[in-house]
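The values are calculated or read from the model by the stated rules, or taken from the named source; none is laboratory data. Because the structure is a prediction, the values reported are computed rather than measured. Glycine gets a Cβ as well: all are built from the backbone with ideal geometry, and neighbour counts include every protein chain shown.
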Amino acid sequence: MSTATPTSPFGKVQPIDIVNLASLKERARNVMGPGEFGYITEAADDGITMRRNTEDFANISILPRVLQGIEQPDQTTTFLGAKLSSPLMTAPIAGNTLAHPSGELGLARGAKESDIMMAQSTFASKTIAETAEVSAGAPYMFQLYMPKDWDYCKYLLDEAHKANALAIILTADSTLGGYRELDVINHYHLRGKIANLDGYNTGQSGVGAGGLFKESMQALDLPLIQKLADYSDLPIIIKGIQDPRDAVAAIDAGAAGIYVSNHGGRQVDGAPGSIACLPAVAKAVNHRVPIIFDGGVQRGTHVLKALALGADLVAVGRPFSYGLALGGYEGVSAVAEHLKMELNIAMQLTGCATIADAKKLHYDWL
Ligand SMILES: Cc1cc2nc3c(=O)[nH]c(=O)nc-3n(C[C@H](O)[C@H](O)[C@H](O)COP(=O)(O)O)c2cc1C
């Protein structure tokens, strides 16, 4: 654990002004220790895939329509029956108390105030029940790193059910952690409280990221999808899909949703930018199940492009962590509202009155 003192106070709850999401990273650096900041900001190996995630949006052009008689674009949408003010979600992120003492409670409150979807990680620093209390009634999903121990897995699924989770997001791309050099340089280990482990009383709190992944199942395979669905009764969404063949196989095996993601470039460095994978996956899925997308989203136009390329819900990871670090739940809400404002401009100027229109936009690769 890093001991260096950040230059600005950690843990403030305050409104934050945002010019653009990209500028939040450097501001957040000042409120966190270098180990914590490094853990959140880093990617695998040389960071090639993480950079591609955002850069690849520049390779896509969208063709604006005019004279569509639009004055107030409507961003509202639904996902698995839940009504949302905008097709946005906080991507599941481990250990949010690294960014702010409120952790997932701040994320949940910020997401609720902005009426967007929240997803909570297995490796969260607050229990599912604690977060559910804050998000009560607001749309919420639970992300599962499937434990080797089936009883512990059942405990997590039961807790998610009690918390009224809309779905279980099974992360399939992280059967171990990618090689992340900043953690080596900073001698950093994710040792924060892993609340869901404490809740199950395994006595394994503070085992570090490597240890946590070791406790998770490495040999994930297709039959597990049905096993999870049968036990939990909740829709199972598979996160970390990049290859259309995996999307089809997962749906055939019982998946109720596909989550296109490369984990923010933290796993396989050299993988394509996430947005580059989306069109082929969307074509293969062919509207059989809904699609969530994440990776490098920093602009309203990025959200619009992801919708045009086949996403139903667009998740954002690090920018929400930076917002949380800078202003607690108010910072989270500020990030959501800023993205909504940019998306509103993008929709108005491309002639999209609704999210359904955005999904029909013409696009092209440069
Ligand atoms: C610090 C950090 C922790 C993460 N923890 C998890 C996790 O516990 N479970 C998971 O499925 N994905 C996790 N992810 C990946 C995110 O859900 C998401 O795929 C990624 O952050 C999206 O890229 P973006 O940060 O460019 O928006 C994590 C990402 C970061 C940056």
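Annotations
- Identification of strands (runs of 3 or more DSSP E) wholly contained in the range 41-120 with 3 or more residues that are surrounded by fewer than 24 Cβ atoms within 10 Å (Cβ to Cβ) yields 60-62, 77-79, 82-84.
- Flag if ALA165 is within 16 Å of the ligand (Cβ to nearest atom), crowded, with 20+ Cβ neighbours inside 10 Å and either in a loop (DSSP other than H, G, I, E, B) or over 16 Å from the mean Cα position of the chain (by Cα) (or both): yes
- Here LYS305 qualifies as over 23 Å from ASP17 (Cα atoms), of a type outside the set (A, V, I, L, M, F, W, C) and in contact with a strand residue (DSSP E or B) (Cβ under 7 Å, 6 or more places away or on another chain).
- Residue that is nearest to ASN186 (Cα to Cα) [pool: residues in the range 13-40 that are within 15 Å of the ligand (Cβ to nearest atom) and assigned to a loop (DSSP other than H, G, I, E, B)]: GLY33
- Search result, residues across the range 265-303 that are away from the ligand (no atom under 16 Å from the Cβ) and more than 21 Å from ALA43 (Cβ to Cβ): PRO279, ALA280, ALA282, LYS283, ALA284, VAL285, ASN286, HIS287, ARG288, VAL289, PRO290
- The range 122-131: number of residues that are within 15 Å of SER102 (Cβ to Cβ) and either under 14 Å from the mean Cα position of the chain (by Cα) or of a type in the set (A, V, I, L, M, F, W, C) (or both): 1
- Scanning the range 60-94 for residues that are closer than 21 Å to ILE345 by Cβ and within 16 Å of the ligand (Cβ to nearest atom) yields SER86, PRO87, LEU88, MET89.
- Every residue from the range 275-295 that is under 19 Å from GLU342 (Cβ atoms) and either out of contact with any Gly (no Cβ under 7 Å at 6 or more places or on another chain) or among the polar types (S, T, N, Q) (or both): PHE293
- Selected residue [under 16 Å from the mean Cα position of the chain (by Cα) and either more than 11 Å from the ligand (Cβ to nearest atom) or at pLDDT 95 or above (or both)] from MET117, MET146: MET117
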